[in-house]
Amino acid sequence: MKAARLIPVRTLATTPRGDIWIDADSRTRALPRGSEQEPTLTYGPYLDSVRRFLLTNSGSRLHAAMKAQLGRAVSPDAVEGIDIRTEKHGAFYHVARVDVHLSGRAVSLVVNLAASDLAKSTLKREYRLLRQLARSLPFPHLPRVYGQGRVRHWQGIEERGRLRNHVAPSWLYMVVGEWLNDYHEFHLHRREGDGKVMLLLWDSTNGYRYLTDGQTSSLYRQAARILADYYDWNSFRQIYPWHHAAGDFVVREKDGEIELRLITVRDYVPVVDYRTRRRAGKMLALIIFFLHLTLQMRLDRLDGVGELVWAEEALLSHVVHGFFDAMSGKMGMPSPSALHEVLSTFTREEWTQVLREVLETYAFSPEELDLVRRHEGPHLEQIMHVLHALSAR
């Protein structure tokens with residue numbers, strides 16, 4: 001049996017120009033920091049910490065993850081080598097892709113790493129929620145997670161492969177889970193030439209490209225369906241917060257069709273501040289959720305970090321359809337037709353009152369609130385128009 005420490009491991013970084021090897025020079029380069037509270041990490045010790053997380057204790061974490069991913073145990077002798085790639089450095093986590101090479105194939109995993117205290121507590125909560133939702137609501141919308149743990153980390157100056165002048169060791173917290181192959185981030189982007197705002201797929205393998213109108217419509221419908229699937233009628237729990245600008249959704253495009261996944265669950269809580277067993281109260285909470293969903297779906301930042309923008313009116317119909325797609329499969333809730341009947345009776349004044357509830361219940365930044373305020377009138381009129389068009393079918 002091959003000892004875990006004898007498995008060949010290569011370390012790389014993913015860049016827009018392709019993979020680059022982590023050599024003696026790049027090992028000492030600092031990683032982008034998610035916040036001022038995060039300690040400085042360099043590529044070499046960071047990737048070594050990921051390696052030790054997977055391979056300590058005879059590679060128990062790696063083999064448990066492989067068994068969960070493949071549905072069968074994998075002998076250590078079958079592992080020919082491992083590639084660990086830095087992929088992304090976000091506000092909370094550093095993301096590494098781990099390709100485990102078996103005979104004739106490679107199995108990909110993800111390791112999310114948290115360094116600051118806030119990031120650690122966030123990642124621990126997310127791990128617990130992903131496990132919880134996989135058991136209680138086994139929809140195929142979220143990535144699977146296989147294990148968690150912490151690794152002692154040394155940071156210092158490397159000289160001739162040895163660490164010198166290192167500071168006191170710290171603990172890094174990590175989670176290993178499912179890597180979503182061929183899924184990519186996307187954002188609204190202002191097209192050169194005509195200035196039209198379109199969804200741009202960030203596919204670093206096959207090239208960045210715009211999604212077609214049909215693909216964009218399907219994306220928004222699927223996103224609304226995913227979030228509504230996890231809404232709990234009785235407890236009012238929902239996946240929140242979420243934001244397109246944060247890259248919370250990823251998409252795979254194949255043969256012109258797209259498939260969407262949600263990759264993070266920051267919290268799963270009842271956002272409204274009341275509890276009731278009365279049907280009327282539950283209906284109000286659901287309507288507040290619905291209106292917030294239609295608003296939040298239209299908020300994004302150009303290229304994820306630029307100007308805050310408002311998605312075009314045509315997408316609203318697909319968000320509403322996605323919401324009703326999810327309602328059709330929920331037990332104990334009003335049927336989609338009964339729910340549609342209630343929503344269709346709302347006047348402009350009643351929708352304005354619900355909007356006030358939404359803005360008091362959900363958290364919007366001042367910039368987001370200003371954008372919502374500028375578009376709220378047309379948005380409410382458009383919702384009423386979409387609901388009327390549904391009833392006419």
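Just so it is clear, none of the values below were taken in a lab; they were calculated from the coordinates. This structure is a prediction, so every number in the text was calculated from the model and none was measured. Using ideal geometry, Cβ is built from the backbone for each residue, glycine included, and neighbour counts are taken over all protein chains shown.
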Which Cα, out of VAL358, GLY207, ALA78, lies furthest along the positive dipole direction of the chain (beta carbon charges, K/R +1, D/E -1)?
ALA78
Helix axis angle, 279-296 relative to the chain longest principal axis, alpha carbon, degrees
60
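Sorting ASP83, ASP300 on the 10 Å Cβ count, fewest up front, what's the list?
On the way: ASP83 17, ASP300 24.
Placing the least packed residue first, the sequence is ASP83, ASP300.
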May I have the pair-distance distribution P(r) for the range 186-391, computed from all Cα-Cα distances with 5 Å bins from 0 and rounded to whole percent?
1, 7, 15, 20, 21, 17, 11, 5, 2, 1, 0, 0
Pulled fully out, how much extra length does the chain show between GLU350 and HIS243, if you take 0.36 nm times their separation in residues and subtract their Cα-Cα distance?
35.9 nm
The local net charge around ALA68, scoring Lys/Arg +1 and Asp/Glu -1 for residues other than ALA68 whose Cβ lies under 12 Å from its Cβ, equals +4
Can you give the direction-averaged projected area of the convex hull of the alpha-carbon atoms in the chain, in nm²?
22.2
Most exposed first by the Cβ proxy, i.e. fewest other Cβ within 10 Å, how do TRP351, TRP154 rank?
TRP154, TRP351
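Rounded to the nearest 500, what is the chain's calculated 222 nm mean residue ellipticity when only DSSP H runs of at least 4 contribute -39500 (n - 2.57) each, over all residues? Provide the component values of the computation, followed by the final result.
On the way: 8 runs with 144 residues, N = 393.
Calculated at 222 nm, the ellipticity per residue is -12500 deg cm²/dmol.
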In degrees between 0 and 90, to the nearest 10, how far off the longest principal axis of the chain does helix 348-361 point, with axes built from Cα atoms?
30
Spatial extent of the range 83-138: Rg and Dmax, with the Cα atoms as the point set, Å:
14.0, 41
In whole angstrom, note down how far apart the Cα centers of the range 77-126 and the range 345-364 are.
41
To check you understand DSSP bridge types, tell me what percent of the beta bridges within the range 4-178 (both residues inside) are antiparallel, rounded to 5.
90
